[in-house]
Amino acid sequence: MFLWVPQLCALAFLALIVRFDRRSLWSGFALFVLIMTVGVTAACLFVDTMDLVPSQWIRTVMLWIGLLAAAVIAAFPVLLGVFLTAEGCRLLRREGVSPANCLSLAAGLFVLLDLTLIPYLASLVRNAAVTWLFALASACVLFFSAQLAIYCLSAFVNLVHVGKPRGLRQIVVLGSGIFGTAVPPLLGNRIRKGIQLQHDAPHAVLILSGGQGPGEDIPEGRAMMAWALEHGADPSRTIAEERSRSTEENLAYSARLFPDPTGKTAIVSTRYHVLRAPLAPLWLTALADVA
């Protein structure tokens, strides 16, 4: 019974965060703690049941749960190194070689080396100073990996919604670029999801957000609004925001159009875009996601 107490506490903590403050990074931290407690509990149960439980499949399930939890936790340092390396290469291709542009690539390579070659070299040298430096570097890698894990898990929590959002007061559809005046299919899917939410929330205002960028004949918000009205949006509850040039401005300028700034808000975007949203400067109680 003692083994289940940390897991139940972590689950209760996650449930409270999701209920009252899911938009904060505490949701990712709570899920991270839950994954660790599940892994530890599964490992302990596997050891305890080796002799007591004759069923091989139960022991196998416990083993795989523990290994899966360990793999999830261990994957983030690797993901951090791969992400920084890939971003560094992309930056060098686009912006050229300079000391500042090499920082991301250098950091990514350092993380990958810290996970592979550096521990082996430190064991060969067996010097106190080298061991201390390696421990310091590993602590930095673990710290930033934990930050990445918490951020990614927070984004994942905000992608999971059960049932229809209720009590919405405003729905913001983020623009993603248009061709001249034409709305592309990806953006059309976002607008269609916003229209669906508007129909489900009779008091919600649909805000179509996007300014005019290169290659666009009119602001995205204006094109999005025309598309929405053609596809069933309520004209009396549909507004275009035409000034924003970035995701942050999408949210900031749209917030000025909110009929109820303290009411529930839905943001409609795509999954890859949603992963950037947990630190948005708005308290959003509903986050709609389209494929």
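The values are calculated or read from the model by the stated rules, or taken from the named source; none is laboratory data. The model shown is predicted, which means the values in this text are computed figures rather than measured ones. Cβ sites come from the backbone with ideal geometry, for glycine too, and all protein chains shown count toward neighbours. When the accessible area is computed, the model is the full protein with side chains, heavy atoms only, and any ligands, DNA or RNA have been set aside. Shrake-Rupley method; radii C 1.70, N 1.55, O 1.52, S 1.80 Å.
Things worth noting here:
- Failed criterion for CYS140 (all others in (1) surrounded by fewer than 18 Cβ atoms within 10 Å (Cβ to Cβ); (2) more than 23 Å from the chain's Cα centre (by Cα) hold): (2)
- Of the residues making up segment 151-186, those that are in a helix (DSSP H, G or I) and either modelled with pLDDT of 90 or more or surrounded by fewer than 14 Cβ atoms within 10 Å (Cβ to Cβ) (or both) are LEU159, PRO185, LEU186.
- Selection status of GLU87, at pLDDT below 75 and of a type outside the set (Lys, Arg): no
- Test for SER269: is it modelled with pLDDT of 85 or more and either touching a strand residue (DSSP E or B) at 6+ places or on another chain (Cβ under 6 Å) or open to solvent by less than 20 Å² (accessible area, probe 1.4 Å) (or both): no
- Just one of the listed residues (SER236, SER244) is of a type in the set (Ser, Thr, Tyr) and within 18 Å of ILE267 (Cβ to Cβ), and it is SER244.
- Selection within segment 225-266: residues that are in a helix (DSSP H, G or I), of a type in the set (S, T, N, Q) and modelled with pLDDT of 90 or more. The member of this set that is farthest from HIS203 (Cα to Cα) is SER254.
- In the set (1) farther than 28 Å from GLY28 by Cβ; (2) in contact with a Gly (Cβ under 6 Å, 6 or more places away or on another chain), PRO259 fails one condition alone, (2).
- Of the residues making up segment 94-108, those that are surrounded by 10 or more Cβ atoms within 10 Å (Cβ to Cβ), out of contact with any helix residue (DSSP H, G or I) (no Cβ under 6 Å at 6 or more places or on another chain) and part of a helix (DSSP H, G or I) are GLU95, LEU103, ALA106.
- Boolean, ALA15 is modelled with pLDDT of 80 or more, buried (at least 16 other Cβ atoms within 10 Å of the Cβ) and in a helix (DSSP H, G or I): no
- Cross-chain or 6+ apart pairs with Cβ under 6 Å, segment 208-222 first and part of a helix (DSSP H, G or I), then open to solvent by less than 20 Å² (accessible area, probe 1.4 Å): GLU220/GLY175; GLU220/ILE178; GLU220/GLY210; GLY221/LEU208; GLY221/SER209; GLY221/GLY210; GLY221/GLU241
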